[in-house]
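Enquirer: Pasting a structure below so you can have a look.
The values are calculated or read from the model by the stated rules, or taken from the named source; none is laboratory data. Here the structure is a predicted model, which is why all the values come from computation and not from measurement. Cβ placement follows ideal geometry from the backbone for every residue including glycine, while neighbour counts extend to all protein chains displayed. Accessible surface is based on the protein model in full, side chains and every heavy atom, while ligands, DNA and RNA are left aside. Shrake-Rupley method; radii C 1.70, N 1.55, O 1.52, S 1.80 Å.
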Amino acid sequence: MHSHAERGNDVILQRWLNQESTMAMATVKWWLVKGLVGFGVVVALMLSSGCEDLVRGTGGGMDVGGGTETGGTHAFERVGSERLAVDGRRVALVIGNSAYHAMPSELQPLPNPVNDATDLAKALQRLGFQVTLRKDASLTQMDDSIYAFGQQINGGEVALVFYSGHGLQVKGENYLLPVDAKFEREDQIERQAIKAGAMLEKMGKAKTKLVFLDACRNNPFLSRGKRGSVGGGLAKMDTPDGTLLVYSTDPGGFADDGEGRNSPFTFNLLRHIADAGVDVQLMLRDVRVDVKRDTKNKQTPWDASSLEGAFYFIPPVVPAPAILVAPPLSTGTMTGTVLPQNNGRLAELEAKRIAEEARVAELEQKQREAEESTRLAEAEAKRKAYEARLADLEQRQRQATEEQARIAATPPPVTRKSFEPEMVSIPEGSFQMGSPSSEEGRSSDETRHGVSVGAFKMGKYSKATIK
């Protein structure tokens, strides 16, 4: 319960904040909500800006105090009465499709997209967006919502689209699937789904265009073994000027639906989207790190940007000028002390912080490129070593094959049994047998006569040894 004095303070503050719309007033409003300054500081600002009538006026008991409103498992701080005051108009279209029913065996229902869309819509409302939320939308409902959203932009400074559900690519074109999508062939998809590129065209009037696609849960054609021209995950898209495209996973990859209330990507987006004073691309770096950690490096969010400047969901805190710190109204006094004016110093420190973060991001990118270059060089060295080893093995195989062929062409040596004597061949012929008459010591009864023999073999040696 609020006291009467607190309710009066709340009404005075609300009147002033409704009257003032500059970024400085939005900053002070944020300070108050975060508890960085007391109500007396705000009263002093009101007096210094010529709002004495609001301070002296009386009001009813409207409760616009701080608090939290829960979207799923995430708590979002209430900013002012309902939303954060920001410069420029912010509009958002948020779609979450869970109840797929036309192709139950291929496009299975998803538990989290409706939760993702609901929770993010609440977060965006508190960040100053006019949000159109569509849950379990049919093809006609999605088409009508996108058309109406395009008309709603009408030169709005910031336009944001968030989609959670099934999505796929065909021939490099990304399609977002309504809950009543039903198709058997690739050429039917164009008439049964929403082209992501056409949706982006509807945002053309906005100065800053932010698109978040938490899709790529699975691919119905891959589940039936009919890949064709249908690719896994989503394809890269062109980014018109002033556009930031954010994918829940890298191009061609698949996103996890998650085991809790939200998908890993949306869960971590909700954790960081309200980080005050953090540029959206630095915020997405934190989201990427957390998603990779939560999915054990199976999913890596990816983004492509043509933004020409920084974008903050909650702008950096602007230091206030020197102000008189007054006590609460109930004391009836306005004495106090003057706070030093640190605008220039704080702005300088903030600029240095942003520059340092950009330098760190650049160094990290260079480190990743160097690591990738080293990895490629190592892979190339391994490839060359493998090719050299393979060539050596092939050479050895050729030599072995040639040796086998040579051996096969050589006749086997003649072998004989070890107990057979080596023989010589004697040709047939005739010769005289007996000693001639002139031979000394010749017997008197010896006569000479002719002898003819046929061819025969005889032992080469006079004695043979059998082993």
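Enquirer: From the set of residues in the stretch 121-161 that are assigned to a helix (DSSP H, G or I) and of a type in the set (Phe, Trp, Tyr), which is farthest from Arg191 (Cα to Cα)? Give the steps one after another, and end with the answer.
Expert: Filtering the stretch 121-161 down to residues assigned to a helix (DSSP H, G or I) leaves 121-126, 139-153.
Applying the additional criterion that residues be of a type in the set (Phe, Trp, Tyr) yields 147, 149.
Working: Tyr147: 16, Phe149: 21 Å.
In this case the residue turns out to be Phe149.
Enquirer: What is the residue count in the stretch 162-191 for residues that are assigned to a strand (DSSP E or B), charged (D, E, K, R) and under 15 Å from Ser145 (Cβ atoms)?
Expert: Within the stretch 162-191, the first condition is being assigned to a strand (DSSP E or B), and the residues that meet it are 162-164, 167-170, 173-176.
Then keep just the ones that are charged (D, E, K, R); that gives 173.
Now narrow it down to the ones that are under 15 Å from Ser145 (Cβ atoms): none.
Number of matching residues: 0.
Enquirer: Kindly indicate the residue of the stretch 444-458 that is under 13 Å from Ile426 (Cα atoms) and not charged (D, E, K, R) and also farthest from the chain's Cα centre (by Cα) among those meeting that condition.
Expert: We begin by selecting, within the stretch 444-458, every residue under 13 Å from Ile426 (Cα atoms); these are 452-458.
Next, only the ones that are not charged (D, E, K, R) stay: 452-456, 458.
Working: Ser452: 108, Val453: 105, Gly454: 101, Ala455: 98, Phe456: 97, Met458: 95 Å.
Only one residue tops the list, namely Ser452.
Enquirer: Show the residue pairs meeting these rules: Cβ distance below 6 Å; 6+ apart or different chains; first residue within the stretch 106-121 and closer than 13 Å to Ala137 by Cβ; second residue modelled with pLDDT under 95 and surrounded by fewer than 24 Cβ atoms within 10 Å (Cβ to Cβ).
Expert: Pro113/Ser98; Val114/Ser98
Enquirer: Okay, moving on. Just give me the residues in the stretch 104-134 being under 14 Å from Val179 (Cα atoms) and surrounded by fewer than 23 Cβ atoms within 10 Å (Cβ to Cβ), in sequence order.
Expert: Selection gives Pro104, Ser105, Glu106, Gln108, Pro109, Pro111, Val114, Arg134.
Enquirer: If I ask for residues that are open to solvent by less than 60 Å² (accessible area, probe 1.4 Å) and modelled with pLDDT under 85, which ones from the stretch 361-389 would you list?
Expert: Selection gives Ala361 alone.
Enquirer: Would the stretch 425-435 turn up any residue that is β-branched (Val, Ile, Thr), surrounded by 10 or more Cβ atoms within 10 Å (Cβ to Cβ) and modelled with pLDDT of 85 or more?
Expert: First, pick out the residues of the stretch 425-435 that are β-branched (Val, Ile, Thr): 426.
Retained after the next criterion (residues that are surrounded by 10 or more Cβ atoms within 10 Å (Cβ to Cβ)): 426.
Remaining after also requiring modelled with pLDDT of 85 or more: 426.
Looking for residues that are β-branched (Val, Ile, Thr), surrounded by 10 or more Cβ atoms within 10 Å (Cβ to Cβ) and modelled with pLDDT of 85 or more, one finds at least one in the stretch 425-435, hence yes.
Enquirer: May I ask you to say which residue of Glu422, Glu440 is over 30 Å from Leu282 (Cα atoms) and either open to solvent by less than 90 Å² (accessible area, probe 1.4 Å) or touching a residue at least 40 places away in the same chain (Cβ under 8 Å) (or both)? Give the derivation first.
Expert: Details: Glu440 fails: either open to solvent by less than 90 Å² (accessible area, probe 1.4 Å) or touching a residue at least 40 places away in the same chain (Cβ under 8 Å) (or both).
Only one candidate qualifies: Glu422.
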